[in-house]
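Here's the structure, in structure tokens; my notes come after.
We did not get these values from a lab; they are worked out from the coordinates using the rules stated. All of these numbers come straight from a predicted model, not from anything done at the bench. With ideal geometry, Cβ positions are generated from the backbone for all residues, glycine too; neighbour counts draw on all protein chains shown.
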Amino acid sequence: MSSKEELLQRLSDGVVEMEEDDVAEAAQEYLDAGYPAFDGIMEGLVDGMNRASQLYEEEEYFVTDVLLCSDAMYAGLDILRPYLPEVSNDDKVTGVIGVVEGDTHDIGKNLVKIMLETAGFNMIDLGRDVPLAKFVETAKEENADFVCLSTLMTTTMGGMETVIHLLEEAGIRDRVKVMIGGGPISQKYADKIGADGYSQNAVEAVKLAKKLLDIA
Amino acid sequence: MLTPKERLKMILDGRKVDRPACICPGGMMNMVTSELMDRVKVYMPDAHKDARMMADLAKAVYEEGCFENYGVPFCMTVEAEEMGAQVDMGTNVYEPHVTGYVIGSVSEYQKLHQVDINQGRAKVVLDAIRILKEETKDVPIVGNLTGPISTASSVMEPVTFYKELRKKNQEAHAYMEFITNQLITFGRAQIEAGADLIAVSDPSGTGEILGPKYFKEFAVTYINRLLDALQEEKMGTIVHICGQMSPVYKEVDEVRSSALSFDSIVSMKEAREHLKDRILMGNVSTYALEFGDPDRVKMLTRSCVKSGSDIISPACGLGMKSPLRNVQSVLAGVKEIYVQ
């Protein structure tokens, strides 16, 4: 039988190497051996995903690679998560994420979501072509700490500013941070529309969220 | 004095001309704005479905001093729609976009319709080209195609598609063959209808998404297969690819188009250094065209000319709310340089 360390390594490597089936198998063996699910997730799966993000930052991995790594991670998560001690989502920092109305390009948004989830945020994914008011409603209902808006097109980027106004109108702008990103978006644009931050890619988005929300 | 058509032809043939051409092809690189629609009282989304209106809007682009070409269509959903995808035609400020996919996996491609050039919006585009050919003479007509990767990821969920390039590699190739054959049919019909050149935009096939290996194996392979299958007698071809080129300059140089076009994230100077012998098109910031002012647009235009762009063009087409005076400043900017 493999040791805990060996299995953690196999989980981590499986994520980096995009071996969905092997990750699922290793996760099951890990559970059967009686090791704690939490460590398996953090030191195995999340460690692997962090290594994959590092490779992405170094341009060794590209978007398709990261998507497959995340599939492997989720395959392991599906098995380990039911064995986690109960933690209510109230304790977690919650973010709402989506692609603004009029745009259906969601690859970037999906990557950001994966990276934020990996980092421990509770993410509510509204998908793409999301009506602007939906961001605000969801932020309110879910008591969200931040909202992430994405678009790849200049024609739809104006919607981001509208969301910020709607948050103001709803009276929750001061307790919801707004992060934006996407092809035509820049720090300058974030400043112009009064967003709290801009990030150029998914790895940066995690750093930004932590900075805005004062999380170490 | 060269006509716009003569000038562009000479540039694409690699000959010396008086100044760079200034065009915006259409398709993904939309060049119609709200203000332009108001000028000629022809509006989207109706113009996406009516050949006469489409041709009139395309003409207005040249007649109002925006760009030195005609181009149709004004979106990148025609091919996907003809293959069965549901498309929302958008509004006078939003472009049409796909709202319903046809298949769930590359292995299901037999469920897709073949593109029929005698019906639907494929026919609208071809009729619009015929009208332009009939009614105009000295201005080049650009027919636009959505690139193979972008078309392939418009009729199914892109995330699944990207993953299956690796997971179902062989089936993915069969799927890409099918998609490319549809584009060849539509592209050849556009040239027969009177298009002088064909612009292929493949924004979903970026080096950043695919990485160099898959960019070469899928994007370059099928773009080239499409280009090679178009008639010889056309004036030329333009291929536009989005995103950073730094991971894939070598692979991009293998694309056999007459001209290459990049978005504004790519520095024209850097592109020129890496692609010394290529005809380059671009890349005045689409963002600056919408949110900047004429002075800034002219400054960016001058910088493109200086950096060695042969065909000056908005980097990713135009946002529909771009002010006309900004749009007109690209061509005006090019002309100013060469008057002096």
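Note on B:Met245, B:Met235, B:Met10: ascending count of other Cβ atoms within 10 Å places them as B:Met10, B:Met235, B:Met245, the fewest first.
What fraction of the Cα pairs in the protein assembly as shown, stated in percent, has a spacing above 33 angstrom? Every Cα pair in the protein assembly as shown considered, those over 33 Å come to 43 percent.
In percent, how large is the relative contact order of segment B:224-322, given Cα pairs closer than 8 Å and 6 or more residues apart?
It comes to 26 percent, rounded to a whole number.
Under 10 Å, Cα contacts only: if you run a Gaussian network model on chain A, which one of A:Phe38, A:Phe121, A:Phe135 comes out with the highest mean-square fluctuation? Sorting by GNM fluctuation, first place goes to A:Phe38.
Build a GNM of chain A with springs between Cα atoms under 10 Å apart, and of A:Glu137, A:Glu169, A:Glu117 the one that fluctuates most is A:Glu169.
How would B:Cys66, B:Cys304 line up from fewest to most surrounding beta-carbon atoms within 10 angstrom? Could the numbers behind the result be given before it?
Details: B:Cys66 25, B:Cys304 28.
The most exposed by this proxy come first: B:Cys66, B:Cys304.
Using only Cα coordinates, the Kirkwood hydrodynamic radius of segment A:90-212 works out to 13.8 Å. With kT/(6 pi eta Rh) evaluated at 4 °C and eta = 1.567 mPa s, and Rh the Kirkwood radius from Cα pairs, chain B diffuses with a coefficient of 66 µm²/s according to Stokes-Einstein.
Residues whose amide H comes within less than 5 Å of that of A:Val96, counting only those at least five positions distant or on another chain, are A:Ile124, A:Phe146, A:Val147, A:Cys148 (H built at 1.01 Å from N in the peptide plane). Charges were assigned to the Cβ only: +1 to each Lys and Arg, -1 to each Asp and Glu. The resulting dipole of chain B about its Cα centre is roughly 660 debye. The modelled label-to-label distance for the pair B:Lys16/B:Gln119, using points 7 Å beyond Cα in the direction of Cβ, is 5.5 nm. Ordering A:Glu17, B:Glu273, B:Glu208 from the fewest to the most neighbouring beta carbons within 10 Å gives B:Glu273, A:Glu17, B:Glu208. The mean sequence distance of close C-alpha pairs (under 8 Å, at least 6 residues apart), as a share of the length of chain B, puts its relative contact order at 20 percent. Across chain A, C-alpha contacts under 8 Å between residues 6 or more apart give a mean separation that, scaled by the residue count, equals a relative contact order of 16 percent.
Projecting each Cα onto the charge dipole of segment B:25-283 (Lys/Arg +1, Asp/Glu -1 at the beta carbon, about the Cα centre), which of B:Met44, B:Pro25, B:Thr237 comes out farthest on the positive side? The Cα lying farthest towards the positive end belongs to B:Thr237.
Coupling constants for segment A:123-134 follow from the phi torsions by the Karplus curve (6.51 cos²θ - 1.76 cosθ + 1.60, θ = phi - 60°), and in residue order they are 9, 9, 9, 8, x, 10, 6, 8, x, 4, 5, 4 Hz; glycine and proline get x. With all pairs of different C-alpha atoms in the average, the Kirkwood value for the hydrodynamic radius of segment B:211-340 is 15.5 Å. On the principal axes of its alpha-carbon atoms, segment B:1-76 has extents of 41, 24, 17 Å, going from largest to smallest. A simple rule links phi to the HN-Hα coupling: the Karplus curve 6.51 cos²θ - 1.76 cosθ + 1.60 with θ = phi - 60°, which for segment B:257-273 gives 8, 5, 10, 10, 10, 10, 7, 6, 5, 8, 6, 4, 5, 5, 4, 4, 5 Hz, with x for Gly and Pro. Angle, helix B:324-339 long axis vs. longest principal axis of chain B, Cα atoms, 0 to 90°, nearest 10? Rounded to the nearest ten degrees, it is 60. Only one residue of A:Ser186, A:Ser2, A:Ala75 has its Cα farthest out toward the positive end of the dipole of chain A, where Lys and Arg carry +1 and Asp and Glu -1 on Cβ, and that residue is A:Ser186. Per-residue ellipticity at 222 nm computed for chain B from its helices equals -13500 deg cm²/dmol, with DSSP H segments shorter than 4 residues left out and the rest contributing -39,500 (n - 2.57). Greater than 19 Å separation of Cα atoms is the criterion. Which listed pairs, B:Lys9/B:Lys123; B:Lys168/B:Lys216; A:Lys177/A:Lys211; A:Lys210/B:Lys163; B:Lys213/B:Lys269, meet it? Over 19 Å apart, Cα to Cα: B:Lys9/B:Lys123; A:Lys210/B:Lys163; B:Lys213/B:Lys269. Straight Cα distances below 19 angstrom link A:Lys188 to the aspartates and glutamates A:Glu161, A:Asp196, A:Glu204, B:Asp263, B:Glu290, B:Asp293, B:Asp295, with same-chain residues fewer than 8 positions distant left out. Result for chain B in a Gaussian network model with C-alpha springs under 10 Å: among B:Ala195, B:Ala21, B:Ala229, the largest mean-square fluctuation is at B:Ala229.
Our summary of shape: the Cα atoms of segment B:68-208 have principal axis extents of 50, 32, 30 Å, ordered from largest down, in whole angstrom. Applied to segment B:243-253, the Karplus parametrisation 6.51 cos²θ - 1.76 cosθ + 1.60 on θ = phi - 60° returns per-residue 3J(HN,Hα) values of x, 5, 9, 3, x, 9, 4, 4, 5, 4, 5 Hz, with x for Gly and Pro. Using the alpha-carbon atoms, what tilt in degrees (0 to 90, nearest 10) does helix A:20-32 show relative to the longest principal axis of chain A? The helix A:20-32 is inclined about 60 degrees to chain A. Across the alpha-carbon set of segment B:39-141, the Rg to Rh ratio works out to 1.03, Rh being the Kirkwood radius. What is the diffusion coefficient of chain A in µm²/s, taking the Kirkwood radius over Cα pairs and the Stokes-Einstein relation at 10 °C with a viscosity of 1.306 mPa s? Result for D is 89 µm²/s. As I understand it, the dipole of chain B uses +1 on the Cβ of Lys and Arg and -1 on the Cβ of Asp and Glu, about the Cα centre. Which of B:Ser257, B:Leu112, B:Met89 lies farthest toward its positive end? So the residue we want is B:Ser257.
Just to check, using Stokes-Einstein with a Kirkwood Rh over alpha carbon pairs, what's the diffusion coefficient of segment A:4-83 at 37 °C and 0.692 mPa s in µm²/s? Roughly 276 µm²/s, to the nearest whole number.
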